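Chemist: Pasting a structure here, questions to come.
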Amino acid sequence: MLEVRGATRRFGNLVALQDATLSVDEGEFVTIVGASGCGKTTLLRLIAGLDQDYTGEITLRGQRIVGTSLERGIVFQEPRLLPWLTLWDNIAIALDNAPLSTAAKKDAITAQIALVGLTGFEKAYPAALSGGMAQRAAIARALVGHPSILLLDEPLGALDAITRMRLQEELLRIWRHERVSMILVTHDVEEAVFLSQKIVVMDSSPGHVTANIALDLPFPRDRSSAEFGAFKRQIFDALHDNAAVKPPEIEYLI
Amino acid sequence: MLFKQDLLWDIWASVFIIGQAFVYGALLGVGLGFAAGLSHRVELLFSGTINTIRHIPSVAWIPLVVVWLGLGAPAKIVVIAKSIFIPVFLNTLQAIRGVDHNFIELAQALKLSKRQLIRRVILPAILPVIMVTLRYSAGLAWALVVIAEGISGLEGMGFLIFRAQNLLMTDQLLVCMVLIGVIGYALDRLLYMAQRRLLRWQRGFGGSYA
Ligand SMILES: Nc1ncnc2c1ncn2[C@@H]1O[C@H](COP(=O)(O)OP(=O)(O)OP(=O)(O)O)[C@@H](O)[C@H]1O
Ligand SMILES: [Mg+2]
């Protein structure tokens with residue numbers, strides 16, 4: 001469905017992304033893992049159409065991507081809610097240009113707010129939301145227009161372990177409910193193994209894809225199972241092969 | 001009795017001038033500020049002219065404009081509107097340049113039209129700056145009304161207070177001072193209330209820190 005072929009993005013002399021190739025099937029959950037600075041956000045911005053200054057080819061359902069589109073929802077690395085709009089309006093703004101009746105928009109927003117578990121906070125301003133709530137609102141905003149693919153840039157990166165696990169389950173539920181294709185960027189190997197059907201491993205300088213790993217475990221996954229652990233091991237190994245995350249040398253001081 | 005009638009009339013004359021000047025200056029400032037903020041070409045077109053006008057203080061414009069438009073209200077409205085226009089224009093333009101680029105990117109991702117971008121993102125983002133500028137320039141403009149009426153006028157609070165000085169009517173002079181202060185205060189409160197209403201969403205540093 002989504003095909004990235006040989007995408008290269010330079011910033012001056014710096015090659016932020018070199019020859020990245022990956023594909024996402026209809027309804028597939030793909031995760032990108034890699035060290036900080038390896039070009040994950042850069043790649044996501046290319047797919048979102050926010051950055052068109054690249055070489056290579058990115059197509060969605062055979063069509064080359066030109067500019068942004070409501071077909072491709074995006075959740076940024078931080079919630080990026082507009083502080084002057086209530087939670088409701090922050091989500092409604094995504095439907096400003098949708099060809100829907102006012103009543104249909106209202107229903108869609110109500111349903112989306114319920115899906116991310118924020119019912120009752122419609123009138124709250126972002127300043128009054130917790131970090132996790134704000135991130136869920138951002139997810140609702142990206143989903144309310146029913147995109148065919150959702151791009152998530154470390155949406156849970158800044159949350160505590162408990163909230164993060166809860167939201168991972170929520171993401172899974174949303175994914176299965178909406179049947180939307182997902183590309184999730186994360187630092188967290190466990191998160192990647194818990195959520196995805198395919199993991200793309202990246203490495204830095206220059207940013208490039210080093211491995212494509214398929215995970216055929218059934219959902220929901222048991223974090224403590226042996227297979228889960230084996231996949232985690234495999235991803236860690238793939239990351240460790242990359243110079244950027246070499247295990248620290250052990251020093252003995254006596 | 002006659003004096004009371006006059007006083008009310010003079011208050012009205014001054015309030016009329018500041019009211020009109022404020023509306024024109026603010027609208028023009030925000031309007032042109034947006035036009036320049038949204039287009040580099042418009043910015044280039046205006047910034048030279050405005051920077052030239054800006055460096056001649058408003059008080060220095062009064063004699064020339066009075067020669068053109070006479071001693072009545074229009075001349076004062078023009079000069080005072082200009083004194084409001086300049087800071088509002090410059091701050092609007094600068095505030096637009098300072099809008100968080102992340103929000104512009106968000107608007108792109110949401111496919112907002114330029115109009116929607118202005119209404120939903122840029123205008124609310126710069127409103128705090130505009131409100132502060134309006135309050136600040138309203139204070140300056142009020143002072144300017146008094147001066148303008150004092151140097152070239154036949155009515156208004158400024159006329160009264162300078163006349164009182166010339167006639168050594170200290171009592172009238174003091175009444176005028178108090179009234180000018182009260183009107184200035186009321187003007188600022190009015191704008192402050194508008195600001196509070198418009199910026200309800202804001203939760204910055206409230207001032208208490210313990
Ligand atoms: N607009 C830009 N101008 C110049 N260099 C940039 C720009 N955006 C990104 N880069 C560079 O490209 C590289 C990749 O950045 P990117 O934001 O994609 O990393 P990332 O993988 O998302 O990292 P993180 O996990 O920390 O978010 C970095 O070296 C960064 O300095
Ligand atoms: Mg990033």
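The values are calculated or read from the model by the stated rules, or taken from the named source; none is laboratory data. Keep in mind the model is a prediction, meaning the values are calculated, not measured. Reconstructed Cβ throughout: ideal geometry from the backbone, glycine too, with neighbour counts over all protein chains shown. To get the accessible areas, we keep the full protein, side chains included, count just its heavy atoms, and leave off ligands, DNA and RNA. Shrake-Rupley method; radii C 1.70, N 1.55, O 1.52, S 1.80 Å.
Chemist: Where in chain B are the DSSP H helices whose C-alpha atoms run 30 Å or more along the long axis and whose mean Kyte hydropathy is at least 0.5?
Modeler: Membrane-span-like by this rule: B:2-38, B:73-97, B:123-151, B:170-198.
Chemist: Using only Cα atoms, tell me the angle between helix A:131-143 and the longest principal axis of chain A; keep it within 0 to 90° and round to the nearest 10.
Modeler: Once rounded, the angle reads 70 degrees.
Chemist: Each residue of region A:80-92 in order: what ³J(HN,Hα) in whole Hz does its phi give by Karplus 6.51 cos²θ - 1.76 cosθ + 1.60, θ = phi - 60°, with x for Gly and Pro?
Modeler: Using θ = phi - 60°, the values come out as 6, 7, 7, x, 8, 10, 5, 3, 4, 5, 4, 7, 5 Hz.
Chemist: Another question, if that's okay. Grab the Cα-Cα distance for B:Val129 and B:Leu64, subtract it from 0.36 nm times how many residues apart they are, and report the gain in nm with one decimal.
Modeler: 20.2 nm
Chemist: In terms of Cα to Cα distance under 16 Å, which lysines are near enough to A:Lys40, apart from those fewer than 8 places away along the same chain?
Modeler: A:Lys40 reaches A:Lys198.
Chemist: Using 0.36 nm times the number of residues separating A:Asp237 and A:Val15, minus their current alpha carbon distance, what extension gain do you get?
Modeler: 77.4 nm
Chemist: If you don't mind, another one. Straight-line reach from B:Lys82: which aspartates and glutamates have a Cα under 17 Å away, not including same-chain ones fewer than 8 places off?
Modeler: Within the straight-line cut-off, B:Lys82 pairs with B:Glu149.
Chemist: Note down the relative contact order for chain A as a percent, whole number, built from C-alpha pairs under 8 angstrom at least six residues apart.
Modeler: For chain A, the relative contact order is 26 percent.
Chemist: Along Cα→Cβ, 7 Å out, is where each label goes; now give me the distance between the ones at B:Trp9 and B:Asn51 in nm to one decimal.
Modeler: 4.7 nm
Chemist: Further, regarding this structure: Report the gain in length on full extension from A:Arg61 to A:Lys123: 0.36 nm times residue separation, minus Cα-Cα distance, nm rounded to one decimal.
Modeler: 18.5 nm
Chemist: State to the nearest 20 debye the size of the charge dipole of chain B about its Cα centre, where the only charges are +1 on K and R beta carbons and -1 on D and E beta carbons.
Modeler: The calculated dipole for chain B is roughly 960 debye.
Chemist: Choose one of B:Thr133, B:Leu174, B:Ala186: the residue whose Cα lies farthest towards the positive end of the charge dipole of chain B (beta-carbon charges +1 Lys, Arg; -1 Asp, Glu; about the Cα centre).
Modeler: Result: B:Thr133, furthest along the dipole toward the positive end.
Chemist: Using Cα positions and a limit of under 17 Å, work out the aspartates and glutamates in reach of B:Lys114, with same-chain residues fewer than 8 apart set aside.
Modeler: Within the straight-line limit of under 17 Å, B:Lys114 reaches these aspartates and glutamates: A:Asp96, B:Asp100, B:Glu105.
Chemist: What percentage of the solvent-accessible surface of region B:7-198, computed with a 1.4 Å probe over protein heavy atoms, is contributed by carbon and sulfur atoms?
Modeler: Summing carbon and sulfur atoms, their accessible area is 71 percent of the total for region B:7-198.
Chemist: Give me the accessible area per residue for the protein assembly as shown, probe 1.4 Å, as a whole number in Å².
Modeler: Per-residue value: 51 Å².
Chemist: Apply the Karplus curve 6.51 cos²θ - 1.76 cosθ + 1.60, θ = phi - 60°, to the phi angles in region A:207-221 and return the couplings in whole Hz, x for Gly and Pro.
Modeler: x, 7, 8, 9, 7, 10, 10, 8, 10, 9, 6, x, 9, x, 8
Chemist: Same structure again: For region A:191-245 and region B:37-77, what is the centre-to-centre distance using only Cα atoms, to the nearest Å?
Modeler: Answer, in whole Å: 65.
Chemist: Using a Förster radius of 30 Å, what is the FRET efficiency between A:His177 and B:Lys111 based on their Cβ-Cβ separation? Nearest 0.05, please.
Modeler: It comes to 0.80.
Chemist: By the scheme Lys and Arg +1, Asp and Glu -1, what is the net charge of all other residues having a beta-carbon under 11 Å from that of B:Gly33?
Modeler: So the environment of B:Gly33 carries a net charge of 0.
Chemist: Computed on protein heavy atoms with a 1.4 Å probe, what is the summed buried accessible area for the chain pair B and A, in Å² to the nearest 100?
Modeler: For chain B against chain A, roughly 2000 Å² becomes buried.
Chemist: Which value in deg cm²/dmol, rounded to the nearest 500, describes the helix-derived mean residue ellipticity at 222 nm for chain A, given -39,500 (n - 2.57) per DSSP H run of n ≥ 4 and division by the residue count?
Modeler: Rounded to the nearest 500, it is -10000 deg cm²/dmol.
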